[in-house]
1. Working carefully through the options Ala209, Ala193, Ala185, find the one that is out of contact with any helix residue (DSSP H, G or I) (no Cβ under 9 Å at 6 or more places or on another chain) and either under 16 Å from Ile104 (Cα atoms) or in a helix (DSSP H, G or I) (or both).
2. Six or more apart or on different chains, Cβ atoms under 6 Å: show the pairs whose first residue is in segment 83-94 and within 16 Å of Ala134 (Cβ to Cβ) and in a helix (DSSP H, G or I) and whose second is of a type outside the set (S, T, N, Q) and open to solvent by 20 Å² or more (accessible area, probe 1.4 Å).
3. Among the candidates Thr114, Thr171, Thr159, Thr136, single out the residue that is modelled with pLDDT under 90 and not charged (D, E, K, R).
4. When segment 95-111 is examined, which residues are found to be open to solvent by less than 30 Å² (accessible area, probe 1.4 Å) and farther than 16 Å from Leu85 by Cα?
5. Filter segment 160-212 down to the residues that are surrounded by fewer than 13 Cβ atoms within 10 Å (Cβ to Cβ), within 19 Å of Leu30 (Cα to Cα) and within 15 Å of the chain's Cα centre (by Cα) and list them by number.
6. Only one of these conditions is not met by Thr143: (1) open to solvent by 20 Å² or more (accessible area, probe 1.4 Å); (2) closer than 22 Å to Ser83 by Cβ; (3) of a type in the set (S, T, N, Q); (4) modelled with pLDDT of 90 or more. Which number is it?
7. Just one of Val72, Val62, Val32 is under 24 Å from Gly173 (Cβ atoms), modelled with pLDDT of 85 or more and either open to solvent by 20 Å² or more (accessible area, probe 1.4 Å) or β-branched (Val, Ile, Thr) (or both); which is it?
8. Of the numbered conditions (1) open to solvent by 50 Å² or more (accessible area, probe 1.4 Å); (2) more than 25 Å from Phe184 (Cβ to Cβ), Thr114 satisfies every one except a single condition; which is it?
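The values are calculated or read from the model by the stated rules, or taken from the named source; none is laboratory data. Everything numeric in this text was worked out from a predicted model, so none of it was measured. No Cβ is skipped: glycine too gets one built from the backbone with ideal geometry, and neighbour counts run over all protein chains shown. Note: areas computed on protein heavy atoms with side chains; ligands, DNA, RNA excluded. Shrake-Rupley method; radii C 1.70, N 1.55, O 1.52, S 1.80 Å.
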Amino acid sequence: IAALVVRPSSGMEKTQQNMALQPIRPDRTLAVLWVIFAAGSCSGLIVLGFAAQFLTHGPGDVALAGLAVFLVATGNTLGRLSSALTAGRFGPTHGIAGALILSIISLACLIVATSPGVVVGLLFLVAFAYGQLAATTPLLVKTHVAAPAFAGSFGWVFTGWGLAGLVGPWTAGWLLDATGTHRFALLLCIALAALSLWLVMRLARRSAAEAC
């Protein structure tokens, strides 16, 4: 009965369907959202792919490397599950900003960390932040895109994640082979996460100005 009461008229339904079927033309806002997701995802995708590599310097690190892979997967899952709480309490913009700040701090600490236990904990935090970012991005897109165009718009934004998944780990591996250290890959991740954070805050300021 409730479904029949709240069901929109057939004319409204057809209008919404027609809007949803119209091809999405990327605009400036969609481009910014694309870069936010692509740049912000790189560090998490690299950590997911290279977690064991951070801890395979000696025979005693094999068990810790396995633990690192487990905790990275756990952190990613917990980040996604908890994103509803943070986005619901602080909003998707601040939720993503907080995840990026956590990622930047953890990545910076990874550059100087020497204790295997500390490295494992920092990898967990980066993966947690990545999970938060990945799960909150659809809400961020929904905030800045009209509802009928959401599916097509998020489809465009999601290609940024695909590109990051292809280019990010490959670039990190190339830098590791060329330099013998993860330092430069981590610096690249910090730079990309900082770019993503700057764009998120700029988008938030622009939305606030338009609301006024």
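1. Ala209
2. Ser83/Ala135; Ala87/Leu139; Pro92/Leu139; Thr93/Ala204
3. Going through Thr114, Thr171, Thr159, Thr136 in turn, the sole match is Thr114.
4. Answer for segment 95-111, where residues must be open to solvent by less than 30 Å² (accessible area, probe 1.4 Å) and farther than 16 Å from Leu85 by Cα: Leu100, Ser103, Ser106, Leu107, Leu110.
5. Answer for segment 160-212, where residues must be surrounded by fewer than 13 Cβ atoms within 10 Å (Cβ to Cβ), within 19 Å of Leu30 (Cα to Cα) and within 15 Å of the chain's Cα centre (by Cα): just Gly162.
6. (4)
7. Only one candidate qualifies: Val72.
8. Among (1) open to solvent by 50 Å² or more (accessible area, probe 1.4 Å); (2) more than 25 Å from Phe184 (Cβ to Cβ), Thr114 violates only (2).
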